[in-house]
Amino acid sequence: MLRRKVLASLGAGAATLSAGRSFGQAYPSKSISIIVPFAAGGPTDLMARIFGERMARELGQQFVIDNTTGAAGSIAVGKAARAAPDGYTIQIGHVGTNVANGTLYKNLNYNLLTDLVPIARLPQNPSLVVSSNQVEAKDLKELVAWLKANPDKIPGGTAGIGSASHLAALAFFAATGSSYQLIPYRGTGPAMQDLISNQIQVMVDQSSNSLPQARAGKIKAYAITAKTRSPAAPDIPTATEQGFPMEITIWHGLWAPKGTPPEIIARLNAAAVATVQDPEIRKRLEDLGQDLPTPAEMAPAAFAAFQLEEYARWEKILTAANVKIE
Ligand code: MLT
């Protein structure tokens with residue numbers, strides 16, 4: 001039933017296909033707004049800027065970044081769901097904003113799976129377990145022992161309940177039996193600044209945001225949450241190889257309001273695929289520890305099916321973990 005509804009929302013624009021045809025050919029005739037659910041300077045903002053810049057070259061119109069923060073991205077997604085389905089407003093998001101929040105936030109005034117149309121699956125990245133340089137722990141074992149000796153006393157950064165850095169923290173707590181305070185920020189961009197200045201002391205954050213800071217020696221990196229070490233960071237061991245089995249990957253995607261003509265979705269998808277196929281962009285994303293999807297995985301229908309699977313998977317995980325929004 002849900003599957004039929006999701007696919008229906010994909011087809012909803014079909015009705016406007018005829019109108020879309022001329023509309024599609026003239027599209028875009030002005031700049032496109034991309035709603036970013038977190039603060040500037042963080043991993044999702046960076047992804048939006050990299051894709052916005054390159055997709056603008058494909059489509060001949062600028063992408064304007066609209067950082068709309070709060071409630072772990074659920075405010076921004078609501079704004080996108082209410083936007084005009086004309087192709088001039090799209091939304092970037094990830095496993096937290098467009099999947100986990102559906103289970104965690106009981107009063108969302110939109111349906112994540114039917115009020116937004118998938119445009120393209122974007123790259124995904126593991127997270128790094130990081131700390132400020134003032135933390136003395138030399139490896140993951142020592143960090144976990146220190147956290148266990150100070151349960152819920154150490155300030156750690158997240159982008160709110162349901163955000164990627166929160167889901168990663170939950171996976172870290174489950175894998176290590178330790179915990180830290182979950183200090184909410186409007187994104188891990190500002191949280192990273194506070195980690196660098198030791199206002200907070202630990203975080204499990206996407207490699208695209210934490211790896212450059214670790215490379216610059218501004219923070220310490222203890223582990224990567226991937227199955228195997230990243231070619232972008234062969235010196236950072238996995239959590240699993242250090243005795244704490246843990247794997248979490250944060251995937252991003254693009255969506256448009258329900259009713260956006262499929263021809264326009266197809267043009268936006270083609271521009272996103274061209275971005276991933278650009279050798280310069282590929283190198284830049286891979287250097288940040290990102291894994292790049294194939295054009296087939298990026299396709300709207302394939303992405304919709306993937307989102308549906310992830311929705312069911314995280315619903316089970318979060319319900320079992322009894323995670324509550326305070
Ligand atoms: C961001 O861009 O700030 C992150 O994606 C936030 C998060 O941890 O979900």
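Some points to look at:
- Fluctuation leader among I154, I35, I248 - the chain, Gaussian network, Cα springs under 10 angstrom: I154
- The heavy atoms of E286 offer some 80 square angstrom of accessible surface to a 1.4 angstrom probe.
- Portion, in percent, of the accessible area of segment 280-326 that falls on carbon or sulfur, probe 1.4 Å: 56
- Solvent-accessible surface of segment 19-119, averaged per residue with a 1.4 angstrom probe and all protein chains in place: 35 square angstrom.
- Modelled FRET efficiency - R0 45 Å, I183 with Q61, Cβ distances, 0.05 increments: 0.70
- Applying the criteria of a DSSP loop state and at most 16 other Cβ atoms within 10 Å to the chymotrypsin sites (Phe, Trp or Tyr not before Pro) of segment 19-96 yields no site.
- Choice from T228, T260, T114 showing the highest fluctuation, given a GNM over the chain with Cα pairs closer than 10 Å: T228
- Highest-fluctuation residue, N98, N109, N125 considered, GNM on the chain with Cα pairs under 10 Å: N109
- Antiparallel content of DSSP bridges confined to the chain, in %, to 5: 60
- Judged by the mean number of other Cβ atoms found within 10 Å, the most tightly packed of the peptides 189-196, 207-214 leads the ranking 207-214, 189-196.
- Over the chain, dividing the summed -39,500 (n - 2.57) contributions of all DSSP H runs of at least 4 residues by the number of residues returns a 222 nm mean residue ellipticity of -13000 deg cm²/dmol.
- Convex hull volume of the C-alpha atoms in segment 26-152, normalised per residue: 145 Å³.
- Local electrostatic count, A40, Cβ distance below 13 Å [Lys/Arg +1, Asp/Glu -1]: 0
- Taking 18 Å as the straight-line reach from the Cα of K316, the aspartates and glutamates in range (excluding those fewer than 8 positions away in the same chain) are E247.
- Residue pairs, from the table K106/K153; K79/K258; K138/K220; K141/K220, whose Cα atoms sit over 21 Å apart: K106/K153
- Within segment 100-151, trypsin sites (Lys or Arg not before Pro) in DSSP loop having at most 16 other beta-carbon neighbours inside 10 Å: K106, K138
- Where segment 139-297 is the region considered: accessible area per residue in Å², 1.4 Å probe: 39
- Alpha-carbon gyration tensor eigenvalues x 5, square-rooted, for the chain, Å: 35, 21, 17
- The lysines within cross-link reach of K283, meaning a Cα-to-Cα straight distance under 16 Å and a gap of 8 or more places when in the same chain, come to none at all.
- Here segment 215-258 exposes an accessible surface that is 55 percent carbon and sulfur, computed with a 1.4 Å probe and the other protein chains kept in place.
- Here the Karplus relation 6.51 cos²θ - 1.76 cosθ + 1.60, evaluated at θ = phi - 60°, turns the backbone of segment 127-137 into coupling constants of 10, 10, 7, 10, 9, 6, 5, 6, 6, 7, 3 Hz, with x for every Gly and Pro.
- Of all accessible heavy-atom area on segment 23-132, the percent that carbon and sulfur account for (1.4 Å): 48
- Sequence-distant contacts, meaning Cα pairs under 8 Å at least 6 residues apart, place the relative contact order of the chain at 27 percent.
- Were the residues from I196 through Q277 laid out at 0.36 nm apart, the gain over their Cα-Cα distance would be 25.8 nm.
- Maximal additional length on extending the R284-T68 stretch stands at 75.2 nm, based on 0.36 nm per residue less the C-alpha distance.
- N111-A266 pseudo-label distance in nm [points 7 Å out on the Cα-to-Cβ vector]: 2.6
The values are calculated or read from the model by the stated rules, or taken from the named source; none is laboratory data. This is a predicted model, so every value here is computed, not measured. Virtual Cβ from ideal backbone geometry, glycine too; neighbours counted across all protein chains shown. Note: accessible area is taken over every heavy atom of the protein model, side chains too, but ligands, DNA and RNA are not part of it. Shrake-Rupley method; radii C 1.70, N 1.55, O 1.52, S 1.80 Å.
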